[in-house]
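S.K.: Starting off with a structure, shown below.
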Amino acid sequence: MSGTFENNKRIAKNTLMLYLRMLFTMAVSFYTSRVVLQVLGVSDFGIYNVVGGLVTMFTFVSGAMTTATQRFLSIEIGRGEGGDVRRMFSTAVMVHALLGVAIIVAGETAGVWFLNNYMNFPADRYTAANWVYQLSLATFVIDVMSVPYNAAIIAYERMKAFAYVSIVDVTLKLVVVYLLTLTTYDKLVVYAALLGLIAVTIRVIYGFYCKRNFPQCRCDLKWDKARGKGMMSFLGWNLIGSIAGVGKEQGINVVLNIFFGSAVNAARGVAYQAMNAIAGFAANFQVAMNPQIIKSYAAGERGDMYKLVFRGSKYSFMLLLVLSLPVAVEAPFILGVWLKEVPEYTVVFLRLVLATTLIDSLSNPLITAMHASGKVRDYQIVVGGLSLLTLPVAYVLFKLGYPPQAAMCVGLAMSVVCHFARQLLLRHTIGFPMGLFLRTVSLRVFLIAVASALPPCALGAAMNGGWGEFFAVCTVSVACTVFFCYRFGMGTAEKEFVRGKLAGLLKIFSRHFTNEHKRD
């Protein structure tokens, strides 16, 4: 009981640290995105997003290895004295070094060829696009080499480090925005170069932090054959799902560019920047919880792991719903205030991507549970194959003359299908209680979302826009969502916990008010 309490306390503390980080970074991100769009213009902003997306197509390697490294380090930590964290860390560093070389070869051959033969840019911007590509590729390789250090921070649950370093990161990005307004050189190339320099700086800081705080995380250049084989096997199957994720997200970005040009990429880029800022709140909760899910599995505490998965899915969805619902309803007004020039399709893109992110937030703890088991072959083949269908279906729809948002609709539908597929596979693999999860999590949060959305949507349709509508819709949306989440999304013990915390806060406020009144 004491161990469970300490774990929950650690999750709450780490989540709070990550939320403080997110509040600061979100505020700066909204400002910098607006200024960068104005300085670069719609066309160059779209070029940066699609070229960066092309490089991100190689991040299926990084994403897969990040998941693998976190999983294996958390397993070794969860085993206590029986684990060998240093040997596993050294193996991961060496694997990433090999992958960095492979990415450079692929990027400088297939990547450059694709960029110059199939991408759709203004004739006079191909040179700038190639510079952006090379700078982004170099930045990405550095990111790949640094993955073991970031994974170690998460595995050891030192989320405070992310909060502090993020302050440095966004402060440097503010400086970049200022320098971008002053430079007389090609602003697109300068922007990519400065962002690359920031990435290098941040990665060095993370590496220094790990070496100083985790004695086990030092590379001794000794290859562990058994651990290396296990990690590479896990990576091999995990790559299928990662490639599918790239095809679903960045592949769509490329197809949109081919059919509709860089202006549509700019609209999608803006939508995803807004979504990432909002989704970061739920993601922070999941990042704080994921190590506990893996460690519970490693310790053989299967029941505790299921409880963490249930709570992780439910609370991630509800946290994201509170923030995303008013943004979805008031998207035209918010984008109009945020950006002086709103690219076409941005509103519909933002609404569809928020809906997709809500579905995915339910699935992320399920993915962590599957990774904890290490039995990912069937999972990646099935779910990865389903996700990958998004790209050819979108391509066919575009060939038939459908508008750009058709791709986002296909992605939303496929996220729903994959959510149920994950549950089926978990039930088959580790005996996951799928029926209970559907009743107490999936169905419940769906009804909460529908009930919460009806009042603000009706209010928004009845009013005439402006700040009055914005504040009214946001107030009603948050109030309805909090009410329905509390009434139908929480159990008895959870409600008692919330009431106790609120009572404690009210008591502190009342005592403070009484003392101030006596002084007067």
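The values are calculated or read from the model by the stated rules, or taken from the named source; none is laboratory data. If you're wondering where the values come from, they're calculated on a predicted model, not measured in any experiment. Surface accessibility is based on the protein's heavy atoms, side chains included, excluding ligands, DNA and RNA. Shrake-Rupley method; radii C 1.70, N 1.55, O 1.52, S 1.80 Å.
S.K.: How high is the relative contact order of region 118-198, in percent, counting Cα pairs under 8 Å that sit 6 or more residues apart?
M.R.: On the way: 28 pairs, mean separation 40.5, N = 81.
Once normalised by length, the contact order is 50 percent.
S.K.: Which entries in K314/K495; K173/K211; K248/K314; K160/K211 show an alpha-carbon gap greater than 18 Å?
M.R.: Table pairs above 18 Å Cα-Cα are K173/K211; K248/K314.
S.K.: Using only the Cα atoms of region 80-129, what semi-axes does the equivalent ellipsoid have when each is the square root of 5 times a gyration tensor eigenvalue? Give whole Å, largest first.
M.R.: Output for region 80-129: semi-axes of 41, 10, 7 Å.
S.K.: At q = 0.11, 0.18, 0.21 Å⁻¹, what log₁₀ I(q)/I(0) does region 265-378 have when each alpha carbon counts as one equal point scatterer in the Debye sum?
M.R.: Per q value, in the given order, log10 I(q)/I(0) is -0.44, -0.84, -1.01.
S.K.: Please list the non-local residues whose amide H lies under 5 Å from the amide H of F121, H modeled 1.01 Å from N, same-chain partners needing a gap of 5 or more.
M.R.: Long-range HN contacts for F121: none found.
S.K.: Please provide three numbers in whole Å: the alpha-carbon extents of region 131-281 along the principal axes, with the largest listed first.
M.R.: 49, 35, 32
S.K.: For region 126-169, take every pair of Cα atoms, bin their distances at 5 Å starting from 0, and report each bin as a whole percent.
M.R.: 5, 18, 16, 19, 16, 11, 8, 5, 1
S.K.: Let me ask another. Percentage of Cα-Cα pair distances in region 371-509 greater than 21 Å, rounded to whole percent? Can you show the working numbers first?
M.R.: Details: 6384 of 9591 pairs.
That tail contains 67 percent of the Cα-Cα pairs.
S.K.: Another question, then. Taking only the alpha carbons of region 369-429, what extent do you get along each of the three principal axes, in Å, biggest first?
M.R.: For region 369-429, the Cα extents along the three principal axes come out at 43, 16, 15 Å.
S.K.: To continue, here is another question. In whole Å, what three semi-axes, largest first, describe the equivalent ellipsoid of region 144-218 built from its Cα gyration tensor (square root of 5 times each eigenvalue)? Walk me through the intermediate numbers first.
M.R.: Working: eigenvalues 178, 30, 13 Å².
Output for region 144-218: semi-axes of 30, 12, 8 Å.
S.K.: If V105, V132 are ordered by their accessible area, calculated over protein heavy atoms with a 1.4 Å probe, which sequence runs from highest to lowest?
M.R.: V105, V132
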